[in-house]
1. Filter Lys94/Lys153; Lys65/Lys92; Lys54/Lys114; Lys54/Lys293; Lys54/Lys110 down to the pairs with a C-alpha to C-alpha distance above 21 Å, please.
2. With N residues in segment 171-295, what two-decimal value do you get for its Cα radius of gyration over 2.2 N^0.38 Å?
3. Using a 1.4 Å probe on the protein heavy atoms, what percent of the accessible area of segment 80-217 belongs to carbon and sulfur?
4. Could you calculate the FRET efficiency of Ile190 with Thr273 from 1/(1 + (r/R0)^6), where r is the beta carbon distance between them and R0 is 45 Å, rounded to 0.05?
5. How large is the charge dipole for segment 56-149, taken about the Cα centre, if only the Cβ atoms of Lys, Arg (+1) and Asp, Glu (-1) carry charge, to the nearest 20 debye?
6. Calculate the dipole size of segment 152-299 relative to its Cα centre from +1 charges on Lys and Arg beta carbons and -1 charges on Asp and Glu beta carbons; express the result in debye to the nearest 20.
7. Taking amide H positions as placed 1.01 Å from N in the peptide plane, with prolines and chain starts having none, which residues 5 or more places from Lys192, or on another chain, fall under 5 Å of its amide H?
8. Among Tyr283, Tyr271, Ile253, whose Cα sits farthest toward the positive end of the charge dipole of segment 223-299 (+1 at Cβ of Lys/Arg, -1 at Cβ of Asp/Glu, about the Cα centre)?
Amino acid sequence: MDCFHFLQGGFWNFTPNWFDWFSLLVAILSIFGGYWIATRIYSKEKCDKENEEKELLASEVNLFKNSLTQLSISVKNQIQSLKEYTERKDFKLKFNQGVNADFLHFINVKYLYKDKGVENQKEIAQINKLLSSLFTLNDFRFSLRDELRTYIKKYNFHEDKFYSYRKLLYTKYFELCNLRGIDFKFENGIKKWKLRDDDLFMIRYTEKRLEAFQDNEVITENGLKDRAKLIEKFILPLIHISADYIPEDYNAIEINDIANEVNSAHSDMEYVTQTHFQAVNSYLDILEDINSKVSEYMQ
């Protein structure tokens with residue numbers, strides 16, 4: 001029992017020496033030191049990440065703006081080409097390969113929003129409208145080319161039929177004269193067929209043909225001058241003339257059929273041309289709208 005009391009009293013009366021206090025201090029300092037180092041590392045990594053994010057944001061925005069600058073140049077050139085094409089109304093349209101939005105595949109659009117500030121609704125709406133317009137350029141080149149290709153194909157198809165007017169002025173007319181003429185006569189040094197006095201269809205046909213050749217608004221020494229004038233002053237009158245001798249005159253039926261084909265072909269040519277240039281104007285509107293939105297964003 002005495003031994004127990006000795007040990008118990010010695011235990012509760014234990015006093016730490018200097019080494020114990022030093023060990024405790026070192027432990028405390030190690031904890032705070034580790035925390036401080038961890039905090040410093042975290043702060044540095046956070047700062048580095050923020051700087052990296054800022055650099056990436058600036059890089060994405062600059063890439064986007066540089067791409068828009070190049071696109072704007074191409075769009076303006078294409079607009080000019082389309083305007084010149086609508087004035088000439090020929091089949092020669094220049095295509096600018098730079099009119100595309102392929103660069104959007106390499107842009108992270110979230111940085112565009114962050115650059116403007118996601119809380120800035122007006123700026124965000126502006127970017128949304130710009131991107132929406134840019135995405136319409138995905139198939140712009142192919143669509144425009146296809147529009148021109150389709151127009152040329154349709155126009156040439158109807159134009160081939162329109163060229164039947166040459167039969168009415170030359171081959172078919174000469175064929176009928178050889179078939180129905182009774183003799184030749186000379187007028188102003190030119191040999192012409194002489195027709196029967198009662199062959200009113202051929203007489204009226206001949207008169208209308210002669211008027212066409214004498215009308216400089218229709219035909220000149222260089223050939224056909226104005227297709228619309230040919231329709232107005234020769235083809236339509238010939239349709240009415242030949243109609244007066246249908247059905248008794250088989251040749252009048254032939255001429256009426258050819259003349260109607262020429263007239264219909266001309267109308268179809270006018271229609272496909274009108275439709276085509278309406279489509280071209282739509283492409284112009286798209287490009288001008290995009291150019292306007294690009295300029296607004298770049299300000």
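1. Over 21 Å Cα-Cα: Lys65/Lys92; Lys54/Lys293.
2. Computed over Cα atoms of segment 171-295, the ratio equals 1.57.
3. Details: 4460 of 8830 Å².
Solvent-exposed carbon and sulfur of segment 80-217 make up 50 percent of the total.
4. E between Ile190 and Thr273, to the nearest 0.05, is 0.75.
5. In debye, rounded to 20, segment 56-149 gives about 220.
6. 540
7. Residues meeting the amide H criterion: Lys185, Phe186, Glu187.
8. Ranked along the dipole, the leading option is Tyr283.
The values are calculated or read from the model by the stated rules, or taken from the named source; none is laboratory data. Small disclaimer: the values here were computed from a predicted structure and weren't measured. Every residue, glycine as well, gets a Cβ built from its backbone with ideal geometry; the counts of neighbours run over all protein chains shown. For accessibility, only protein heavy atoms count, side chains too; no ligands or nucleic acids. Shrake-Rupley method; radii C 1.70, N 1.55, O 1.52, S 1.80 Å.
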